[in-house]
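One structure is given here, and the rest of the page talks about it.
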Amino acid sequence: MRRTVATLSILVMFAGTAIALLVAAPTWAAEPETAGPAVSQASPALPAQTPPAGLSRQPGESQPQPGPAGQAVTRPGVAASAVAGAKQAQPATAWSFDPAHGSVLFFVRHIFVKIPGRFSKYSGTVRFDPDNLEGSLIDVSVDMASVDTAVAKRDEDLRSPNFFDAARYPGMWFVSQHIVHKDGDQYVAEGDLTIKDVTRHIELPFTYLGTKASPLEPGKQVAGFESQFSINMLDYHVSDGHFQKMGALGDTVDIDLYFELTR
């Protein structure tokens, strides 16, 4: 009899322990939370851009805004986090583009040789002070329809859905998140480059050539900037790769930027 009671006591004890474990199970046996995926360089597709006849943009705007014809377009779907970040520090003084003394150039290899091209229309906001990089900002858009390679038929092809699809995606944009001094006159703007339906985080190197009083316009200052970098056009859905497979076109685009800015 005592052995039976002891056995029952042991069974009751084991049963109680099992019940306690089952009750606690949702806490210790639940699947651990999976850390969110690393931020991808290529973002999901952005909504198609709607190009009115003329568009202008303000830094950080997320929707197209009507403006004078010929100005570069407003980027859609790109958050104004960089602008907000820059506002945490005292904003650096803004500079204005001097269109007569600036160039947005690109070079793409065709079979053997590199073919040059340019974009004639661009706009945006540049706030730069080497002593106030926290308050500095680059927020620039380029009008894709302004592409010019000196061959009208080729330019029309570049504007078509085969490449830029400029009717649907009228602009490309770069907006900086941080500007870092590397060495001497060398800097890097870390930020997002948007072309068509793709946004990728890039490091855009540039040279600050300095600031001086304008020898032509008394009372004005002039600053000079240059940048050379390369991107893969297929990363931004510029071409479906057909011409690259044929060996007729390279996939690397070399971009050269030359700007004089005034204030």
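The values are calculated or read from the model by the stated rules, or taken from the named source; none is laboratory data. These numbers come from a predicted model, not from an experiment. Cβ sites come from the backbone with ideal geometry, for glycine too, and all protein chains shown count toward neighbours.
Quick notes on this structure:
- Residue selected from segment 99-145 under the condition of a type in the set (D, E, K, R) and within 30 Å of Asp165 (Cβ to Cβ), by the criterion surrounded by the fewest Cβ atoms within 10 Å (Cβ to Cβ): Lys114
- For segment 107-122, residues that are part of a strand (DSSP E or B) and within 16 Å of Val140 (Cα to Cα) total 3.
- Given (1) over 19 Å from the mean Cα position of the chain (by Cα); (2) surrounded by 15 or more Cβ atoms within 10 Å (Cβ to Cβ); (3) not in a strand (DSSP E or B), index of the condition Glu260 fails: (3)
- When segment 127-151 is filtered for residues that are closer than 23 Å to Leu209 by Cβ and over 15 Å from the mean Cα position of the chain (by Cα), the ones remaining, listed by number, are Arg127, Phe128, Asp129, Pro130, Asp131, Asn132, Leu133, Glu134, Gly135, Ser136.
- Tally of residues being part of a strand (DSSP E or B), closer than 18 Å to Leu204 by Cβ and of a type in the set (A, V, I, L, M) across segment 230-257: 4
- Looking across segment 150-162, the residues that are out of contact with any Phe, Trp or Tyr (no Cβ under 9 Å at 6 or more places or on another chain) and either surrounded by 21 or more Cβ atoms within 10 Å (Cβ to Cβ) or not hydrophobic (A, V, I, L, M, F, W, C) (or both) come down to Lys153, Arg154, Asp155, Glu156, Arg159, Ser160, Pro161.
- Of the candidates Trp173, Trp95, the single residue that is crowded, with 19+ Cβ neighbours inside 10 Å, modelled with pLDDT of 95 or more and within 21 Å of Val238 (Cα to Cα) is Trp173.
- Total residues in segment 123-159, condition assigned to a helix (DSSP H, G or I) and of a type outside the set (S, T, N, Q): 13
- Hey, Val238 surrounded by 14 or more Cβ atoms within 10 Å (Cβ to Cβ), among the hydrophobic types (A, V, I, L, M, F, W, C), without any contact (Cβ under 8 Å) to a residue 40 or more places away in the chain and under 22 Å from Ser103 (Cβ atoms) or not: no
- Scan segment 95-110 for residues that are out of contact with any Leu (no Cβ under 8 Å at 6 or more places or on another chain) and more than 14 Å from Phe259 (Cα to Cα) and the total you get is 2.
- Test: residue in segment 207-224 that is modelled with pLDDT of 95 or more and under 19 Å from the mean Cα position of the chain (by Cα): no
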